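Asks: Quick one: the structure is below, questions incoming.
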Amino acid sequence: MSGAGDEAFLRLLADAAGGGQSRVDALVALAQRTLFVPTWLPGDDAFRTVVSSAGVAALPVFVTMQSIEETSRRFGWATPDGRIPYREVGARGALGHALAQNLLVVVEMGTNHAIEIDQDEIRPLVSSASRRDPSGPFASAGKVNSEMIAAVNAREAKQSGSIPPPAGSQSVRPLTPPPGALAATAERPGGNRTPSVYPLSTAPVSIDGVTLSNLTLTPTDALLDGLSEVLRGYPEVEWACLAMLARGANQPAPAVMMRIDTAFRTRVGEITGGIGVAAQKLGAVLEVLLLDDPALMRAARSVGKPFYPWRK
């Protein structure tokens, strides 16, 4: 359970969605806390990372133990005996790791008050100047606060499209050329495919007559948003990804692969029907595969493109 201090900070996070000074206040307060960061294995020092449907890697961090426990069980991060792999670390340590590894930070991932922090916003929080603030950790509206305001304003300007991205920066947005909700994978001159920054298996995986493989088409933002909107109405859906699916000797076709809580299976038909309708409205035809077999779940994670519940 979260304490009164945690609840106050979670309200601050919720206010951060409005941007401006509210976001600055939340980020400055975050940097003064300790955070729960998931790891790959119990006792492991390596922080777990997640990848959005746009191929953007991020470090998930959590304010309360309750949040990391719920998210770990939802994503299958917990060990078979129910343990939650994590480390409790100072926020600046976690933010510094994200900065060094070129990661976004997702705070309270999977919750209604989750926020994403980009690299430009992280830098003022971990700078040596911030640690020398004579009035305490960011207590005054001094240099760090002004740098944070500038970083937040720049972020909002980029999101609104009012300023162009820096020269030489690479876009990680999915390709969205019309028509259709699925676009052919981009190729660079010379026939080399555009590399993806999310890990993918290089070979199809076959299990009991079902073969899963990497997408040969790139989903549009509109399709991913439409599918996510459907799934948000069903809390029993733990996570979902997109991959190519072939049954027996059939040709591979794009499919939504979902993990649904086994204790709540009364609305499976409604969920799959909603996915089909949403996809058709956006010009796509998608199969649906429920991931119950552990081997199939591992295969889907290795070849699939995750898009729910977190995506940039």
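Asks: Among the candidates Arg247, Arg301, which residue alone is among the basic types (Lys, Arg) and either in the same structural domain as Val105 (by TED's automatic domain parsing) or closer than 21 Å to Trp77 by Cβ (or both)?
Replies: The unique qualifying residue is Arg301.
Asks: Among the residues of region 68-83, is there at least one that is in contact (Cβ under 8 Å) with a residue 60 or more places away in the chain, among the charged types (D, E, K, R) and over 25 Å from Gly18 (Cβ atoms)?
Replies: There is at least one residue in region 68-83 that is in contact (Cβ under 8 Å) with a residue 60 or more places away in the chain, among the charged types (D, E, K, R) and over 25 Å from Gly18 (Cβ atoms).
Asks: Quick one: Tyr234 ticks every box in (1) out of contact with any Phe, Trp or Tyr (no Cβ under 9 Å at 6 or more places or on another chain); (2) surrounded by fewer than 18 Cβ atoms within 10 Å (Cβ to Cβ); (3) in contact (Cβ under 8 Å) with a residue 24 or more places away in the chain; (4) within 23 Å of Val51 (Cβ to Cβ) bar one, so which box is it?
Replies: Going through the list (1) out of contact with any Phe, Trp or Tyr (no Cβ under 9 Å at 6 or more places or on another chain); (2) surrounded by fewer than 18 Cβ atoms within 10 Å (Cβ to Cβ); (3) in contact (Cβ under 8 Å) with a residue 24 or more places away in the chain; (4) within 23 Å of Val51 (Cβ to Cβ), Tyr234 breaks only (1).
Asks: On to the next question. Looking at region 59-104 only, could you name the residues that are among the aliphatic types (A, V, I, L, M) and not in a helix (DSSP H, G or I)?
Replies: Those that are among the aliphatic types (A, V, I, L, M) and not in a helix (DSSP H, G or I): Leu59, Val61, Val63, Ala78, Ile84, Val89, Leu103, Leu104.
Asks: Out of (1) under 20 Å from Glu147 (Cβ atoms); (2) touching a helix residue (DSSP H, G or I) at 6+ places or on another chain (Cβ under 9 Å); (3) buried (at least 18 other Cβ atoms within 10 Å of the Cβ), the odd one out for Ala29 is which?
Replies: Answer for Ala29: the failing condition is (3).
Asks: Also, quick follow-up: Report whether or not Ser53 is modelled with pLDDT under 85 and buried (at least 20 other Cβ atoms within 10 Å of the Cβ).
Replies: Yes; evaluated as a whole, the condition is true for this residue.
Asks: Taking the stated definitions as given, is Ala222 more than 18 Å from Glu287 (Cβ to Cβ), surrounded by fewer than 21 Cβ atoms within 10 Å (Cβ to Cβ) and at pLDDT 85 or above?
Replies: In short, yes.
Asks: Does Thr216 meet the test of being more than 16 Å from the chain's Cα centre (by Cα), exposed (fewer than 15 other Cβ atoms within 10 Å of the Cβ), on the phi < 0 side of the Ramachandran plot and at pLDDT below 75?
Replies: Answer is no for this residue.
The values are calculated or read from the model by the stated rules, or taken from the named source; none is laboratory data. Model, not experiment: these values are computed from the prediction. Reconstructed Cβ throughout: ideal geometry from the backbone, glycine too, with neighbour counts over all protein chains shown.
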